[in-house]
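Heads up, the thing below is written out as structure tokens.
The values are calculated or read from the model by the stated rules, or taken from the named source; none is laboratory data. Just so it is clear, the model here is predicted, and its values are computed rather than measured. All Cβ positions, glycine included, derive from the backbone under ideal geometry; neighbour counts span all protein chains shown.
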């Protein structure tokens, strides 16, 4: 049990830092954007910065996930987890020390792009290696619970970044903040990465991976094997990431939507959203515990069906929003998201055998996340600009309804599946699921 707790901490820290870093970029971009893109127009500078923050990931993450995911199956989960944090730390530190445009000219935005590329390379190999590492260390009756804590760590990172950015912007005068104050949170993030590497290097490798390594049964081409023998598993991981759109809507965009559509105070919306996120952090591990008792399938289907059903009425409430209505909408959405997030890590890992687990989880997870999570901000902005206030609700409903239908017909129950018994035989449980 002690080893599994250490493995959980080692797995959680990377997910936390990833979202801490991404949130910092979004929150502090209005402060530092002019230093890298001095257009003379703050809005244009901010647009260029967001294009780097979002656009680089949209290009880099799917490609690098194809390269890095198999390495976790060939070299080991622990090796990959240490590597991802080293790359992340290098990228974050580079952001903190890049001179501004006035000092080094065009090299300032070029170095920012390189830093963001490094961070996205790191992110593309993090989730799948951490999920496999944590779930493979977990006792069989606590796989979803431990995997859920890893999922909750992402929102912890968002909350810490929000608090850090608030403190920095409140403490430093505007001139000091723009000159150097905004860099301090990124230095802190780099230090967290170093601590994470230390933590991960002092935790033993996954026992299931070590067993395969000792028996010389590691797959030399895990991605190819996954594509050939586990098509249904790949599809199910991708389908589960349909809720990346719902995640963005409820956990990121809701304050902006309420402000633009109904004139709801943005500061109040952000505050209420933080309350909902805190509750989400509590709900996800509870959903994991429930999943370990009743199974993955009921919770994942309930989450998808629930989000499909509530999207329209929740958005109707947001047309004339009050603080009570806002909190109700935020809590309902986060409760339903927690149902699926509480099961996801365990479910993903239980769909694939050990020798291809990181490849099977990583590639569809990263591709679908970028496609649905990455496209949703653009869709949300475009629909509001066109005054189609309910279009976002229809988009969420369509994705979640499609996910629910596919889950009902294709998703096997994996709670009782022994991870060391899952193999590539078409007659095995995964084989049947993939056929």
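A few points about this structure:
- When residue 287 is tested against (1) at pLDDT 90 or above; (2) more than 23 Å from residue 16 (Cα to Cα), exactly one condition is not met: (2).
- Tally of residues being more than 28 Å from residue 131 (Cα to Cα) and touching a helix residue (DSSP H, G or I) at 6+ places or on another chain (Cβ under 8 Å) across the stretch 149-187: 11
- Among all positions in the stretch 100-108, there is no residue which is closer than 22 Å to residue 296 by Cβ and out of contact with any strand residue (DSSP E or B) (no Cβ under 8 Å at 6 or more places or on another chain).
- Within the stretch 213-232, the set of residues being in contact with a helix residue (DSSP H, G or I) (Cβ under 6 Å, 6 or more places away or on another chain) and within 17 Å of residue 129 (Cβ to Cβ) comprises 218, 219, 222, 223, 226.
- The listed residue being part of a helix (DSSP H, G or I), in the same structural domain as residue 112 (by TED's automatic domain parsing), modelled with pLDDT of 90 or more and surrounded by fewer than 16 Cβ atoms within 10 Å (Cβ to Cβ), out of 187, 197: 187
Each row is one residue, and each column tells you yes or no for (1) farther than 20 Å from residue 77 by Cα; (2) without any contact (Cβ under 8 Å) to a residue 24 or more places away in the chain.
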residue	(1), (2)
204	no, no
211	no, no
215	no, yes
218	no, no
222	no, no
225	no, no
237	no, no
244	yes, no
250	yes, no
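- Test: residue in the stretch 249-261 that is at pLDDT 90 or above, over 24 Å from residue 142 (Cα atoms), in a helix (DSSP H, G or I) and in contact with a helix residue (DSSP H, G or I) (Cβ under 6 Å, 6 or more places away or on another chain): no
- Check on residue 192, in contact with a helix residue (DSSP H, G or I) (Cβ under 6 Å, 6 or more places away or on another chain) and at pLDDT 90 or above: yes
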